[in-house]
Amino acid sequence: MEFFFQVKKVEEVLSAIEKFSPLGKENVDLTSAQGRFCAEDLISQEDLPPFSRSTMDGYAVYARDTFGAREGEPVVLRLVGEIPMGVEPTFTLSSGEAAKIATGGMLPEGADAVVMLEYAEEIGELVEIRRPVAPGENVITKGEDIPKGGLILAAHTRITPGHIGLLASAGITSIPVFKRPKVAIISTGDELVPPEAPLEPGKIRDANSFSLCAAVQEAGGTAHIMGIVPDQEEALYSTLEKALMENDVVLISGGSSVGTRDYTLRCISRLPDAELICHGVAVKPGKPTILARTGNKAVFGLPGQVTSALVVFYIMVRPLLLHLQGACGKDLFLPKVRAKALRNIASAQGREDYIRVKLQEDKEGKLWAEPIFGRSGILSPMAQADGLLHIPSESEGIYEGEEAEIFLL
Ligand SMILES: Nc1nc2c(c(=O)[nH]1)N[C@H]1C(S)=C(S)[C@@H](COP(=O)(O)OP(=O)(O)OC[C@H]3O[C@@H](n4cnc5c(N)ncnc54)[C@H](O)[C@@H]3O)O[C@H]1N2
Ligand code: MOO
């Protein structure tokens, strides 16, 4: 029987993951760019906004003219016209003059501020100003958002709705992004049947293909469920070969442990140029995890236990999928919060633990994490959890009331 012979720390697996190269680039349009990672620095070819515009409905003025204006002592300016929306003013504003302007209207040359309608009154061809304005007040100046030549989006940034608005404003409609990883999912085990099949004694429905498919989609990958492969080395090897031809990452769940019917390691080792990164990771749940690299493609052997497969996905597979899509730094990981443990949680030194927890806020707004204990072979604790509480490998556990890091699910 083989035993785990290459047990690694999570951080060692994560540094091996960062050695993969991000996938190639493709261009997507503005409506498909959300959540993708930009593949190039995008520079604005124009000033944004392209002209100085009013942020209020009111009167465009030369700010100095309004200095000293008060309720009982207004400054009187000559109304020289109204600036229509979406059109360049045909006149220049001189000292002593005002022009009616709407929110978003283009400031005429000479004007440097806008007095709100509420603080002015039109009297025939004159306008009384009852409050002073400072230069630049109620105005967005040309190039204030992004100047011409300024950086809109740096390569490797995760694209958000704010970026998409900026890109649209700058007239950039085709966005270079890193490709999404194609991920094949294989479930192995003679006991497994598809969810729609009738259950005979001793059989179990394949949950992992579907939970992993959902997790891949959430992580920005494209999932391909390859189906259930029986505990036969040749069947698993040929499915693995096919999966590798068509995908960037292969996830095999089940058969990653050390039993006589656990063929995952043997099949991975048979791949012509496979480099084994780990067989066994110092983490609970998820010890029987395998990662191998062939070219720039990755094969994970995930533990068959339903919760372990998902925990390993979040801790190691998800960072790889995001790295391949061009993510870096904190974008590789689930968002984190800190919370106090509601109970004592034991752990063993030398191994990281990821405990399923529910989060609750106390009256002072402090977050508390309540562990949901349960074996890694059952799923409901995972389904109920708001997050995974992380116990680092040097710690022997967390005391009630002690703060810990929680990865939000
Ligand atoms: N002697 C040892 N035995 C085991 C060890 C060990 O260190 N020494 N580790 C245990 C741990 S921890 C885990 S986790 C499991 C992982 O084993 P495998 O990855 O080989 O997975 P299987 O044995 O194939 O399955 C385990 C369990 O999960 C069920 N399963 C598998 N695939 C699916 C699926 N797609 N959907 C639903 N359920 C699935 C399977 O029926 C088994 O009950 O090894 C321990 N053993
Ligand atoms: O560590 Mo296993 O992965 O308990 O379920």
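Derivation of every value follows stated rules applied to the coordinates shown; laboratory data play no part. Quick caveat: nothing in here was measured; it's all calculated off a predicted structure. Because the Cβ atoms are built from the backbone with ideal geometry, glycine has one as well, and the counts that use them run over all protein chains shown.
Quick notes on this one:
- Comparing Cα centroids, the stretch 212-271 and the stretch 1-55 end up 26 angstrom apart.
- When the stretch 336-408 is described by a simple charge dipole with +1 on each Lys and Arg Cβ and -1 on each Asp and Glu Cβ, the residue from H390, G365, I378 located farthest towards its positive end is I378.
- D (Stokes-Einstein, µm²/s), Kirkwood Cα radius, the chain, 1.002 mPa s at 20 °C: 84
- Unit charges on C-beta of K, R, D, E only; dipole of the stretch 53-140, Debye: 160
- Formal net charge of residues neighbouring K19 (Cβ-Cβ distance under 14 Å; K, R +1; D, E -1): -1
- Proximal charge balance of L93 [Cβ under 14 Å; K/R count +1, D/E count -1]: -3
- Dipole of the chain, positive direction: furthest Cα of A154, F178, V312, with charges on the beta-carbon: V312
- Dipole magnitude of the chain, debye to nearest 20 (Cβ charges: Lys/Arg +1, Asp/Glu -1, about Cα centre): 1380
- For the stretch 257-305, the fraction of alpha-carbon pairs in successive 5 Å shells from zero, as %: 5, 22, 32, 23, 13, 4, 0
- Taking N as its residue count, the alpha carbon Rg of the stretch 53-140 over 2.2 N^0.38 Å: 0.93
- Charged neighbours of A341, selected by a Cβ distance under 9 Å, balance to -2 (K, R count +1; D, E count -1).
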